[in-house]
1. Which of L143, L260 has the fewest other C-beta atoms within 10 Å, and how do the rest follow up to the most?
2. Convert each backbone phi in the stretch 72-79 into a coupling constant with the Karplus relation 6.51 cos²θ - 1.76 cosθ + 1.60 (shift: θ = phi - 60°), then list the ³J(HN,Hα) values in order as whole Hz, x for Gly and Pro.
3. Could you sort the peptides 275-281, 195-201, 371-377, 524-530 by per-residue average Cβ neighbour count (10 Å cutoff), highest mean leading?
4. Can you give me the long-range amide H partners of D232? Hydrogens built in the peptide plane at 1.01 Å from N, cutoff under 5 Å, separation of 5 or more residues or another chain.
5. For a quick check: with amide H placed at 1.01 Å from N, whose amide H comes under 5 Å from R408's, ignoring anything fewer than 5 positions away on the same chain?
6. Which helices of the chain meet both criteria: a Cα extent of 15 Å or more along the helical axis and a mean Kyte-Doolittle score no lower than 1.6, with helices taken as whole DSSP H segments?
7. If you take the charge dipole of the chain about its Cα centre, with +1 on Lys and Arg Cβ and -1 on Asp and Glu Cβ, which of H456, A157, A419 is farthest toward its positive end?
8. At a temperature of 4 °C and a viscosity of 1.567 mPa s, determine how fast the stretch 363-480 diffuses translationally according to Stokes-Einstein, using the Kirkwood radius over alpha-carbon pairs as Rh; express D in µm²/s, rounded to the nearest whole number.
Amino acid sequence: MSTTKVKLLLSAIVALFTLTACQKDEAVESQVSSTTAESAEALAAAVSAEAETERLNTWFDERYEESLQISPAMLTILGRKDKYDEFDQIGEAAIREQLAWRVETVATMRTSFDYDSLTTAGKESFDLWVFQTEEAQADMEFLYHGYLFGELGGPEAQFPTFLINFHKVDSEQDMQAYITRISEVARAMNQVTEMGIKSAEKGIRPPQFAFDTAIERATNVITGLPFNGETDSPLLADAKRKIQSLAESGAINEERAATLRDEATRVLTEKFKPAYVAYIDWLKAEKPNADEVPQGVSALPNGEAFYNHQLAGYTTLPMTADDVHKLGLTEVARIKGEMELIKEQLEFSGDLGEFFEFIRTDPQFYFPDTDEGREGYLNTTRDFLAEINKKLPEFFGRLPKAGLEVKRVEGFREVDGGAQHYMPGTPDGSRSGVYYVHMSDMSAYSKTDMETTAYHEASPGHHMQISIAQELTDVPTFRTQANFSVYSEGWALYSEKLSKEMGQFKDPYMDFGRLTAEMWRAIRLVVDTGLHSKGWTQEQSVQYFFDNSAIPEGAVRSEVRRYITTPGQATSYKIGMLKIEELRARAEAALGENFDIRGFHDVVLGGGALPMPLLESRVNTWIANQK
């Protein structure tokens with residue numbers, strides 16, 4: 001409601017009270033007069049809070065637009081074409097400049113707005129902006145500790161993925177911007193190499209296997225024409241495809257198309273290739289200095305403090321490595337008990353370890369490693385999602401408008417046993433969200449896990465949560481793009497269990513797969529802290545997976561490499577899920593028969609991604625309002 005409408009409503013209510021008071025005897029008139037004054041005072045305060053919050057939200061939108069103008073890549077990801085021929089600056093100077101800007105905005109916000117005069121929603125936005133800034137400040141101490149590349153990827157694959165999937169070409173101008181942007185990406189790759197050199201000088205290097213993976217990915221990007229070979233490289237093929245689409249639409253003639261192809265070839269050859277060659281040469285030269293036998297980050301300079309920082313950032317809670325490790329052991333034991341029940345239901349004669357081995361190795365639980373097998377995996381996944389999408393309105397008031405695609409990861413960045421993942425669409429729906437599947441090694445993906453993964457990555461998991469956040473209109477724009485792993489991954493893991501509640505997992509083997517996925521995340525609490533805080537080896541971590549789950553070996557080894565190169569991130573899933581379950585249990589206990597599952601989910605999703613303390617405060621406020 002606008003400020004003007006609120007003032008008019010206030011005037012009307014005061015007038016109504018006045019009219020009513022005139023018609024009562026003196027005693028009642030006195031009581032009504034008192035009530036009128038109190039009501040008017042409350043309404044005036046509400047009007048003031050709404051006005052102050054509206055002013056703050058306008059300020060937030062202005063600051064968020066300033067932040068977007070610093071990041072041409074983010075503008076493109078959001079579907080905009082501002083600075084379409086530019087790319088982000090990479091490096092310490094750019095990071096420090098952006099942090100200084102954020103710190104200044106917090107100081108300005110605190111002096112320009114009265115926190116106590118804001119609405120509850122306004123205070124939440126205020127607190128979130130401060131939280132994000134303080135998080136960025138804490139990151140600066142460990143600027144060079146985070147590994148540039150690892151099992152989950154690196155700039156060598158992320159940059160070309162951005163060009164291929166996010167830079168949309170609708171006009172000749174867009175294509176010219178694409179060609180210029182290839183040169184900009186080359187500049188960014190050179191800056192990445194400089195960052196890597198500085199990290200290495202400080203003794204910060206990922207293990208040798210990460211160097212091997214990064215070299216392979218980077219080499220794949222510059223394999224093929226115009227660099228070498230006889231077939232087009234991924235980027236040249238993409239450029240040709242986009243140019244051909246313009247020609248077919250009549251936007252350009254064939255002569256102009258040929259010129260654009262020549263320009264793309266020249267920039268790839270003269271700018272892009274040298275940057276990638278320099279990056280690969282540095283990786284090869286630096287690899288012998290890295291650990292051949294992987295170690296946790298506690299072995300790095302100031303490594304223990306770095307890992308504690310990582311846990312704090314990824315969980316947004318004051319949990320120590322010991323806290324996380326013990327919680328993981330408890331959860332592993334609990335989930336094992338549920339697994340035993342399904343094993344007995346299926347009348348399997350061996351113990352749980354033998355059942356794990358049966359699930360892990362029996363051919364019936366895998367699609368063939370063929371094109372037909374890969375298509376079967378994708379189509380079955382689409383069927384699961386089509387079924388659960390029909391049930392969403394029973395459990396959610398808010399539903400996403402954005403579309404979803406399910407497809408295979410591009411070949412140049414595909415990894416055997418790599419983690420399936422989701423990439424968001426645009427807020428306006430012009431680009432759908434994508435659930436990506438690694439399929440180079442089909443033996444790494446059990447049929448028993450695929451239903452769970454579909455709900456995690458798509459609906460009601462990542463696709464639904466992120467799309468709803470991007471489509472929010474009742475919060476400042478910066479909140480629609482906020483990102484906290486503990487929230488988004490916690491929600492996606494909660495969605496797996498919720499899907500069971502929604503009537504999915506009819507096949508006991510698929511339900512065992514659901515428990516396997518939850519066990520996977522519980523094991524992460526144990527293994528991640530084991531590797532980085534308790535001196536566990538890579539093989540010790542792999543064996544812990546084998547002893548407590550039916551996860552295929554290829555996926556297990558990829559997972560452990562992931563934890564080694566992305567310390568702390570894997571703990572966010574189970575921590576976030578348990579917090580959301582705790583908040584739901586609190587709401588159910590407080591509201592009893594009045595608890596509304598749709599209302600609970602809408603309040604959790606309705607503020608965008610939040611750190612756990614702010615999400616808890618949000619749910620507590622909802623519970624109080626429901627009462």
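Every number in this text was worked out from the coordinates using simple rules, so none of it is lab data. Being a predicted model, the structure only gives us computed values, none of them experimental. Quick reminder, even Gly has a Cβ in these numbers, built from the backbone with ideal geometry, and neighbours come from all protein chains shown.
1. L143, L260
2. Here the 3J(HN,Hα) series is x, 5, 5, 4, 5, 4, 7, x Hz.
3. On the way: 275-281: 18.6, 195-201: 16.0, 371-377: 14.1, 524-530: 26.7.
Packing proxy ranking, top to bottom: 524-530, 275-281, 195-201, 371-377.
4. Result for D232 returns L225.
5. V437
6. Both cut-offs are met by no helix.
7. A157
8. D = 85 µm²/s.
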